[in-house]
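*Asks:* Sending over a structure as structure tokens; questions will come in a sec.
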């Protein structure tokens, strides 16, 4: 082998360590664990879930699956129609279609799906029975009230509507819990209110947009 080639190879070998050190480091996302992940936002697909350590959610049970991690539990919820909350005990993943408020339980990790305005304005929410609702941020279709439910988040308001005969529209004002006004019509004039999120059930009728 010519001496000049050997010289070039030796030079490359000499600087190889510094070239490797200059490469950008790769990182692996840390696994969800408590208490480290408490309050963390966890994103899967287009959705975000809030992680809550030492927290359980009673009621609203939709289904149960057996999972090896909270990430897998959330992924199963994400693929289950109507699921908005999970409670996980390290094995059993309880999927729920309503948020009835947190309960302290040191042995449970939970995650709640976030529906945030204005990002979700105009998008469709699918209820547990497959019915579709269109989200209207800062929109209150005033009147036509047929009932009120007190719930801890917007998806639970929609699910309450779905379980109420004649309900086709909701106006939800945030609280802990907050009032969910259920309505039997969505032909009302829309009033702009930044403190209210609305949703109407999609069917063959198109609501007014005044």
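Each reported figure results from applying straightforward, stated rules to the coordinates on display, with no laboratory input. From a predicted model like this one, the values you see are computed outputs, not experimental measurements. Because the Cβ atoms are built from the backbone with ideal geometry, glycine has one as well, and the counts that use them run over all protein chains shown.
*Asks:* Classify region 102-210 as rounded, prolate or oblate from the Cα gyration tensor: take a ≥ b ≥ c as the square roots of its eigenvalues, call it rounded if a/c is under 1.5, otherwise prolate when a/b beats b/c and oblate if not. If you can, show how the numbers build up before the last one.
*Replies:* Details: a/c = 1.74, a/b = 1.66, b/c = 1.05.
Judged from the Cα gyration tensor, region 102-210 comes out prolate (a/c at least 1.5, a/b above b/c).
*Asks:* Gain in length, residue 61 to residue 146, computed as 0.36 nm per residue apart minus the alpha-carbon separation, to one decimal in nm? Each step should come with its number before you reach the end.
*Replies:* Working: separation 85, 0.36 × 85 = 30.60 nm, distance 2.54 nm.
Result: 28.1 nm gained on full extension.
*Asks:* Sticking with this structure for a sec: Which order results if 98, 201 are arranged by neighbouring Cβ count within 10 Å, fewest first? Kindly include the intermediate steps, with their values, before the conclusion.
*Replies:* Working: 98 26, 201 19.
The order, fewest Cβ neighbours first, is 201, 98.
*Asks:* When a/c is below 1.5 the answer is rounded, else prolate if a/b is larger than b/c, else oblate, so apply that to region 116-177 with a ≥ b ≥ c taken from the square roots of the Cα gyration tensor eigenvalues.
*Replies:* Working: a/c = 1.32, a/b = 1.11, b/c = 1.18.
Cα axes put region 116-177 in the rounded bin.
*Asks:* Which value in nm describes the separation of the simple spin-label points at residue 41 and residue 176, placed 7 Å from the Cα toward the beta carbon?
*Replies:* For the pair residue 41/residue 176, the computed spacing is 1.9 nm.
*Asks:* For each of 196, 36, 114, count neighbouring Cβ atoms within 10 Å of the residue's Cβ, then give the residues from fewest to most.
*Replies:* Working: 196 23, 36 12, 114 18.
If I rank by nearby Cβ atoms, fewest first, I get 36, 114, 196.
*Asks:* Once you have the Cα-Cα distance between residue 119 and residue 68, take 0.36 nm times their residue separation minus that, and quote the gain in nm to one decimal. Provide the component values of the computation, followed by the final result.
*Replies:* Numbers: separation 51, 0.36 × 51 = 18.36 nm, distance 3.17 nm.
Roughly 15.2 nm would be gained on extension.
*Asks:* How much FRET efficiency would the formula 1/(1 + (r/R0)^6) give for residue 189 and residue 163, where r is the Cβ-Cβ distance and R0 is 22 Å, rounded to 0.05?
*Replies:* 0.25
*Asks:* Is the C-alpha gyration tensor of region 41-114 telling us rounded, prolate or oblate? Criteria: a/c under 1.5 is rounded; beyond that, a/b larger than b/c is prolate, otherwise oblate.
*Replies:* On the way: a/c = 1.25, a/b = 1.21, b/c = 1.04.
Here region 41-114 falls in the rounded category.
*Asks:* At what distance in nm do the modelled label points of residue 105 and residue 33 sit from each other, each positioned 7 Å from its Cα along Cα→Cβ?
*Replies:* Rounded to a tenth, the inter-label distance reads 2.3 nm.
*Asks:* Right, another one. Can you sort 203, 169, 61 from fewest to most other Cβ atoms within 10 Å of each residue's own Cβ? Walk me through the numbers on the way to the answer.
*Replies:* Numbers: 203 11, 169 25, 61 14.
Sorted ascending by nearby Cβ count, the order is 203, 61, 169.
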